[in-house]
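The structure appears right after this line, and notes come after that.
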Amino acid sequence: MAGIDARFRLGWDGFSLDVDLGLPGRGVTVFFGPSGSGKTTVLRCIAGLERAAEGRLVVDGAVWQDARHWLPVHKRPIGYVFQEASLLAHLSVIGNLRYGMRRSGCGGVVSLDHVIALLGIGHLLDRRPGRLSGGERQRVAIARALAVGPRLLLMDEPLAALDVKRKQEILPYLERLRDTLDIPVLYVSHSSDEVARLADYLVVMEEGRVRATGPLAETLARLDLPVRLRRDAGAIIAATVGAVDAAWHLARLDFRGGSLWTRDQGLPVGHRLRVHILARDVSLAERPAPSSIQNVLRGTIDAIGDDEHPGLALVRVRVGEALLLARLTRRAVAALGVGVGREMWVQVKSVALVE
Amino acid sequence: MLLTESDLQAIGLTVRLASTVTLILLILGTPIAWWLARTKSWWKGPIAAVVALPLVLPPSVLGFYLLLAMGPNGPVGRLTAILGIAPLAFTFRGLVVASVFYSLPFMVQPLQTAFAAVGTRPLEVAATLRASPWDAFFTVAVPLAAPGFLTAAILTFAHTVGEFGVVLMIGGNLPGVTRVASVQIYDHVEALAYDDAHRLAAALMIFSFLVLLVLYAWPSRRNPAP
């Protein structure tokens, strides 16, 4: 059975972890939650750096941990990227890359050149870690984790120690990884930006427990537990640039369920990207009417839930395969007769490209 | 201004003793320092205190107990008798054993500091890169703690060269066997041969200064001497 089954229970002073997870065997799974929520501990348990008193871990059908088995860290086919710079200071960049590669005996399986090119570190190979910038160090750390030919890639907030500029420098590399690797990636983060850009699957953690888990779009669209990215409820939709209207400087983004026009930001036709649509930028109408809002889609009311204020409601609308969230006043819900199952027109005022 | 033949013999013996002790302590002290640097055991405190004892004990106290232990009725003496080995007291080997105890903290403490400074992260990194614990120790911990090894070895060597009380208690004063440089100086002074004492004393003084100069003035040193 492909995938990862992980159950861990452990307790320290003032902290307890109790999780039972079934994670997909491919794509990027982001563990999201505030610091102290136990996401790093889960990752360390999966790597074998931490040993939960009670635990069971099965990866791709192989038992890594249960009551009788314990696979030590160095025998697990993983790649691990630590939060802060963790390069071996006594080795050069190439020495760091070769350290794991030699021991994993996969010199032929993974092409070192390919990894070096993927992370753009070819000009750094002879340098010592002390003479690299923070962003360069983290790129080398990622390359080093890939060079062992892992069957599972674990990343513990690889961008947390970097400033915004360095983050922007590395994110494209991570996106490229997501699109080219066919191994599962478990990624710990407390940044909604990284969730929006990288996650395929989301695990929301709080105080050592799993609050929600599921595919990104579905989990974000849950009304009982709105996961706030950028401090607001909203939906993430995967789209492709379908056309560019040069005369009006607009680009058409196609998704499974319709298309949206947005400002042309110079992306080529065919480019895949994610868009973030905030609930406050979505309104509902009984019938299409001339309006300054040009993006109007046909959708079905899927669910209605409470919002952060008693006067407001969060309405989930299904548009084709996509789920959008709309924030309405309770009065508007009543006046328009918004009810589950009803078809309505969805007006989208603003679309943010997650790139 | 030349040293006499017996002076040279004493110096040769001293160097042989200090090298042997340093080598033995590198092997014995490293695991102790490693354990002390990483353990969370209740035993850490007591063991660290025992290791540090020679720093505060008068050498004569240590020498006295070692002499009793190595004597015909002591546990070590009985053991050597059973094993058919000659008694250790008043031999070069006895001197080595005594010096190993006496110089133990000078090896263990700098190493412990160096290992603690390396921390656990590089070893975790090595483990995720498929290195077994032994592999990680030799290819990551030891190279990262290399300055600590240098400090520890130099301090141990120098301290063994400088010991006197323990040597006198355990080794006595046998030319070519246990009469090391510090004892030789004592002999010169006893015989009122102040000129001879001066020459050897000056030689030791210069040696010690040079050793400390290397320790304190070495460029880009990461671990300060304790």
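Coordinate-derived values only; no laboratory data. It should be emphasised that the depicted structure is a prediction, and the values quoted were computed from it without experimental measurement. Glycine gets a Cβ as well: all are built from the backbone with ideal geometry, and neighbour counts include every protein chain shown.
Observations, loosely collected:
- Taking Cα centre as origin and charging only the Cβ of basic (Lys, Arg, +1) and acidic (Asp, Glu, -1) residues, the dipole magnitude of the protein assembly as shown rounds to 900 debye.
- C-alpha center-to-center spacing [region A:54-68, region B:135-171] in angstrom: 44
- For region B:5-217, Kirkwood radius (reciprocal of mean inverse C-alpha pair distance, Å): 18.8
- When only Cα pairs below 8 angstrom with a gap of at least 6 residues are kept, region B:101-223 shows a relative contact order of 28 percent.
- Exceedance of the 31 Å cut-off in Cα-Cα distance is limited, within the set A:Lys39/B:Lys40; A:Lys165/A:Lys349; A:Lys39/A:Lys349; A:Lys75/A:Lys165; A:Lys167/B:Lys40, to A:Lys39/A:Lys349; A:Lys75/A:Lys165; A:Lys167/B:Lys40.
- For the segment B:128-138, counting C-beta atoms of other chains within 10 Å of every residue's C-beta and taking the mean gives 6.
- Distance from region B:175-215 to region A:257-287 (C-alpha centre basis), Å: 88
- Each residue of region A:162-171 was assigned a 3J(HN,Hα) from its phi angle through the Karplus expression (A = 6.51, B = -1.76, C = 1.60, θ = phi - 60°), giving 10, 7, 3, 5, 5, 4, 4, 6, 8, 3 Hz with x at Gly and Pro.
- Neighbouring partner chain Cβ atoms per residue of B:17-26, average, 10 Å criterion: 0
- Helix-derived mean residue ellipticity, 222 nm - over the protein assembly as shown, DSSP H n ≥ 4, -39500 (n - 2.57), to 500: -13000 deg cm²/dmol
- Fluctuation leader among A:Ala117, A:Ala335, A:Ala233 - chain A, Gaussian network, Cα springs under 10 angstrom: A:Ala335
- Each of B:Val50, A:Val140 has some number of other Cβ atoms within 10 Å of its Cβ, and from fewest to most they run B:Val50, A:Val140.
- Cα Rg over Rh - region A:4-220, Kirkwood: 0.95
- Derived scalar couplings ³J(HN,Hα) [region B:62-69; Karplus, 6.51 cos²θ - 1.76 cosθ + 1.60; whole Hz; x for Gly, Pro]: 4, x, 4, 5, 5, 5, 4, 5
- Average beta-carbon neighbours from other chains, 10 Å sphere, peptide A:90-96: 2
- Region A:263-355: proportion of alpha-carbon pairs further apart than 21 angstrom, %: 34
- Binning all Cα-Cα separations of the protein assembly as shown at 10 Å, short to long from zero, yields these whole-percent fractions: 3, 13, 18, 17, 13, 11, 9, 6, 4, 3, 1, 0.
- Once C-alpha pairs closer than 8 Å and six or more residues apart are averaged by separation and normalised to the residue number of region B:92-160, the relative contact order reads 50 percent.
- Mean separation of Cα contacts under 8 Å, 6 or more apart, over the residue count of region A:234-353: relative contact order %: 30
- Alpha-carbon centroids, region A:157-179 and region A:132-155: separation in whole Å: 11
- Residue order, fewest to most beta carbons within 10 Å, for B:Thr22, A:Thr300, B:Thr151: A:Thr300, B:Thr22, B:Thr151
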